[in-house]
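K.L.:
The following block contains the structure, expressed as structure tokens.
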Amino acid sequence: AARKVWHELQPEPPHIESRWAYLHEAKLIESCMIGYAHRNRQKKIGNVEVVSSEQVFDILMKDGKTRSGGLMDQVNRINGQPWPRDFKTTGKTDEYWQRFCSPSDQPTRYIHGLTKLTGEKVPGLVLEVLRNKKPTKKDSDPKPEIIEFLATRTPSQLDRWEDEQIFLEGELDRCRDQDMWPQADDMTMCQWCDKRMLCTQSSELSIMAKLDKYYTHKIWDFKSLHQEDAKNEKAAEQESTKSPTPENEHPKS
């Protein structure tokens, strides 16, 4: 199955001079086998129960107005306790992922969400990273590896985070009501922002013109993402089964 998807998404192997040249088909299969062995070890130990995959949550916060939601990769019970699990594929270092665990919105949001869904204490989030390192002179063919990191939050941290979300939503409401969107004081990240062109415009009319021309206006609905994926897969399958039009024939207009 993995090989089939690989060929659909990437019919040609990465160019030999590409920075991703080491991520070839054989590395994909090797990574899948590493993941399969890792899951079998967990099943043998028997302390991890998979409760659900792609778990949607949409909860109401304490102010009765602000909502928080998302799509967890997986919900587990580990030694009887509920834990969200998030999967990442990467070449980044341990230090990067340790910093990702805290402070970071995603683990906090998932822990908070699962706490509300289950009504139980959620100790933290399991971050499962499948890493493929780039070859070096010392190691010309590094093997894929799976590393797990834990992101934990105390009840007081979760309570503080919820207060901050309510506050930020209030700030956004003010911006919407007054149609006022102040630029950030710290502009170190502006060079990476995909909306940078809007801040460089000289008038609101030119901003609106750029929005209409270059951006798609669509509400991000995490609750229907898996439904959209299934719909797209079905459409692609139907398209692939259509009889091709002969070269000497043209469809009627």
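K.L.:
Which residue is surrounded by the fewest Cβ atoms within 10 Å (Cβ to Cβ), if the candidates are limited to the range 3-33 and must be aliphatic (A, V, I, L, M) and under 20 Å from LYS133 (Cβ atoms)?
P.N.:
Among them, the one singled out is ILE16.
K.L.:
Do any residues in the range 143-172 that are more than 16 Å from VAL126 (Cβ to Cβ) and without any contact (Cβ under 8 Å) to a residue 40 or more places away in the chain have Cβ atoms under 9 Å from those of residues that are polar (S, T, N, Q) and surrounded by 13 or more Cβ atoms within 10 Å (Cβ to Cβ), where the two are at least six apart or on different chains, and which pairs are they?
P.N.:
PRO155/THR115; LEU168/THR66; GLY170/THR66
K.L.:
Give the residue that is nearest to ILE34 (Cα to Cα), with candidates limited to residues of the range 95-149 that are in a loop (DSSP other than H, G, I, E, B) and acidic (Asp, Glu).
P.N.:
For the range 95-149, the residue satisfying everything is ASP141.
K.L.:
Within the range 158-169, can one find any residue that is under 24 Å from VAL129 (Cβ atoms) and assigned by TED's automatic domain parsing to the domain that holds THR90?
P.N.:
yes
K.L.:
Taking only the range 79-111 into account, find how many residues are surrounded by 15 or more Cβ atoms within 10 Å (Cβ to Cβ) and either outside the structural domain of GLU164 (by TED's automatic domain parsing) or closer than 17 Å to SER52 by Cα (or both).
P.N.:
7
K.L.:
Continuing with this model, one more query. Can you tell me which residue is modelled with the highest pLDDT among those in the range 72-100 that are in contact with a helix residue (DSSP H, G or I) (Cβ under 6 Å, 6 or more places away or on another chain) and closer than 18 Å to VAL129 by Cα?
P.N.:
For the range 72-100, the residue satisfying everything is PRO84.
The values are calculated or read from the model by the stated rules, or taken from the named source; none is laboratory data. Because the structure is predicted, anything quoted here is derived from the model rather than measured. Because the Cβ atoms are built from the backbone with ideal geometry, glycine has one as well, and the counts that use them run over all protein chains shown.
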